[in-house]
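The values are calculated or read from the model by the stated rules, or taken from the named source; none is laboratory data. In this text, all values refer to a predicted model and were calculated from it rather than measured experimentally. Don't worry about glycine lacking a Cβ; one is built from the backbone with ideal geometry, like all the others, and counts go over all protein chains shown. Areas reflect the complete protein model, heavy atoms only, side chains present, ligands, DNA and RNA absent. Shrake-Rupley method; radii C 1.70, N 1.55, O 1.52, S 1.80 Å.
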Amino acid sequence: MVLQNVVQQVVTGLGYELVEIERSAGGVLRITIDWPWAPGAAEPQFITVEDCERVTRQLQFALEVEGVDYRRLEVSSPGIDRPLRGKGDFERYQGSLVDVVLKAPIGKEAAGVAGLGAGRKKFRGVLERVDGPEAVPDRWRIVWSDEPAVKPGAKVGKRRRPVTLQALEFALDELREARLAPVVDFKGRGSKPAELPPTKNDVLDGRQPLAADDSD
């Protein structure tokens, strides 16, 4: 608790967001920081080496004063597999490709309804908020297709069978872990995939049927 409080105060006091604290068996203390984000705000700049050095210097002093034991301190920015810790992170990364791990595996009844494998706990898909007049507050879902994507430059015809999408709906307290999927984006930070193709019978949010085929 002392460690959490000291690190939180130092990081936020310097204007950053505390993403994660990790302790290794070898005494390494790893602190991950990011720039704060608010709904409607532009995506802030990247964390730089200078930012990490600034936080490191202040943490070294604060941890020594509080008598926190560690062998080596490492301060870094989030990687491409950034953890998603709370509602703010989920709002920030809507539309991103994410990996989620459930606390409890999918049961047989739920698996039958959703078309998922019973006992499954790990999923990857595009993160979406569950909206609508009857939606339960703070419900989320990930949407994906198990069918192979059309290769870039491939000819797409008009009679291709619509892609089948799958969806998993959840509340944040049902998750053991959630992270951005480690997908390299050379155009910028994040895991923003292309929009998933719509399905013929998709009732998730009113997507239109796909009229495409790879054989004409």
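Computed values, structure above
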read-out: Gain on full stretching of the segment that runs from Tyr70 to Gln4 - 0.36 nm per residue minus C-alpha separation; value: 22.4 nm
read-out: Surface accessible to a 1.4 Å probe, Val143 within the full protein complex, Å²; value: 0
read-out: Per-residue SASA entry for Tyr93, accessible area with 1.4 Å probe, Å² rounded to 10; value: 10
read-out: Nitroxide proxy distance, nm - points 7 Å out along Cα→Cβ at Trp37 and Thr12; value: 1.9
read-out: Accessible area, probe 1.4 Å, largest first, for residues Leu172, Leu102; value: Leu172, Leu102
read-out: Segment Glu50-Ala62, extension gain: residue separation times 0.36 nm, minus the distance between their alpha carbons; value: 2.5 nm
